[in-house]
Amino acid sequence: MLRITRNIVLDDAELQERFVRASGPGGQNVNKVSTAVQLRFNVQASASLPCDVRERLIKLSGRRINAAGELIVTAQRFRTQAQNRADARVKLAELIRAAARTPVPRKTSRPPATARKRRLDAKRQRGKIKRARQKHGLVE
């Protein structure tokens, strides 16, 4: 069981882990031992997520979600499977927590009267400059 928030708890059956070889420096350890973790979580099929959280999670995850609706979290920061496994779970939990936060609705506001006046004055000034550049009264 992976507890995300008070209301959201993921069952271990919903998570699939795969151990792969990590990239980057590490010498013989990297070449021989599969310590990196790919944690897969099917967002589309999950019954643990409310609909609004699911939609925000799909938006937030971007390229980490594949065509099948699986969210893939990779962890390879540590040299042991256990640490990378825990790290992947923490990353997934943070991502779902971010999706669980409801965005604050934007309050529509009007620009202040002084800003409108300043804008119109600047436009009038610019118009005067352009009118002064024009050639007046040329007869051919």
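The values are calculated or read from the model by the stated rules, or taken from the named source; none is laboratory data. Owing to the predicted nature of the structure, the values given are computational and were not obtained by experimental measurement. Note that we place each Cβ from the backbone using ideal geometry, even for glycine, and neighbour counts take in every protein chain shown.
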Legend entry - the range 93-129, subset in a loop (DSSP other than H, G, I, E, B) and of a type in the set (V, I, T), residue farthest from I58 (Cα to Cα): T108
Legend entry - Some residue of the range 105-118 being within 21 Å of R3 (Cα to Cα), out of contact with any helix residue (DSSP H, G or I) (no Cβ under 6 Å at 6 or more places or on another chain) and of a type in the set (A, V, I, L, M, F, W, C): no
Legend entry - Residues of the range 62-99 satisfying the condition of being over 18 Å from E17 (Cα atoms) and either at pLDDT 85 or above or crowded, with 16+ Cβ neighbours inside 10 Å (or both): R63, R97, A98, A99
Inset, instruction - Identify all residues within the range 24-43 that are of a type outside the set (G, A, S), modelled with pLDDT under 80 and either out of contact with any helix residue (DSSP H, G or I) (no Cβ under 6 Å at 6 or more places or on another chain) or within 23 Å of T5 (Cα to Cα) (or both); write none if there are none. - result: P25, Q28, N29, V30, N31, K32, V33
Inset, instruction - For residues that are more than 21 Å from the chain's Cα centre (by Cα), modelled with pLDDT of 80 or more and hydrophobic (A, V, I, L, M, F, W, C), tally how many sit in the range 1-23. - result: 2
Inset, instruction - Would you be able to say whether some residue in the range 104-125 is within 30 Å of L15 (Cα to Cα) and either among the acidic types (D, E) or loosely packed, with under 13 Cβ neighbours inside 10 Å (or both)? - result: no
Legend entry - Hits in the range 61-101 (condition: under 19 Å from the mean Cα position of the chain (by Cα) and touching a residue at least 60 places away in the same chain (Cβ under 8 Å)): A88, R89, L92, A93, I96, R97, A100
Legend entry - Checklist (1) of a type outside the set (A, V, I, L, M); (2) under 20 Å from I8 (Cα atoms); (3) under 18 Å from the mean Cα position of the chain (by Cα) applied to S46, failing item: (3)
